[in-house]
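What follows draws every value from the coordinates through simple rules; no lab data is involved. These numbers were taken from a predicted model, which means no experiment stands behind them. In this analysis, Cβ positions are derived from the backbone assuming ideal geometry, glycine residues included, and neighbour counts consider all displayed protein chains.
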Amino acid sequence: MLEAKPPGLFSRDFDIEAEGRKIAFLDIALWREAGEVLIEGQPYKLYREGLMSGAFLLEKEGQVVARAIKVSAFRSQFDLELGTHRCSLKRASIFGRSFSVLQGGDVLGSIRPAGVFTRRALIDLPPDWPAPVQVFVFWLVLVIWNRDRSAAAGSS
């Protein structure tokens, strides 16, 4: 299991840890749904193909490693292409912030807040999935969490 921790109180970025050891740094872009992740010295890009539409991609050295398609503008769900794996990422409950990764009817893993009043997150995905792919799925959840937070701020 991986744990994502913001390095500071107001940071948008995250340190990614495995068993208490930092394995990656996720640098979130300020103005668009994009970012970079550095995993064991290897840089990866996270971005959306179009400005407001298109697939979400994980790329290394110009090669797409993973792809996610948002099913609907009104649903918190993605269809994932993670190498040879095809699965879905969707909100576990309409009331919560937890997400499940599903293949068919089987739950493969989850991403959830580490507590009620924290931005730390637990990334519990199959251990045979490479760390960059696990961080990519976490980033997709961050995209939804950030959209939810923006919508809540806009409505108040």
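Quick notes on this structure:
- With a simple spin-label model that places each label point 7 Å from the Cα along the Cα-to-Cβ direction, the separation between PHE74 and SER93 comes to 2.4 nm.
- Here the contact order of the stretch 2-155, divided by its residue count and restricted to Cα pairs under 8 Å and six or more residues apart, works out to 14 percent.
- Point-charge dipole on Cβ atoms (K/R +1, D/E -1) for the stretch 1-49, about Cα centre, debye to 20: 120
- In the chain, inverting the average of 1/r over every pair of distinct C-alpha atoms gives 15.7 Å as the Kirkwood radius.
- With 22 Å as the limit, the listed pairs LYS45/LYS70; LYS22/LYS90; LYS22/LYS60; LYS22/LYS45 have LYS22/LYS90 beyond it between alpha carbons.
- Relative to the Cα centre, the charge distribution of the stretch 2-155, modelled as +1 at Lys and Arg Cβ and -1 at Asp and Glu Cβ, gives a dipole magnitude of about 600 debye.
- Estimated inter-spin distance, PHE117 and ARG32, nm [label 7 Å along Cα→Cβ]: 3.8
- Label zone at ASP13 (point 7 Å along Cα-to-Cβ), backbone N below 14 Å, the stretch 42-62: 43-44
- Where only DSSP H runs of four or more residues are counted, the chain gives -5500 deg cm²/dmol as its mean residue ellipticity at 222 nm, each run worth -39500 (n - 2.57).
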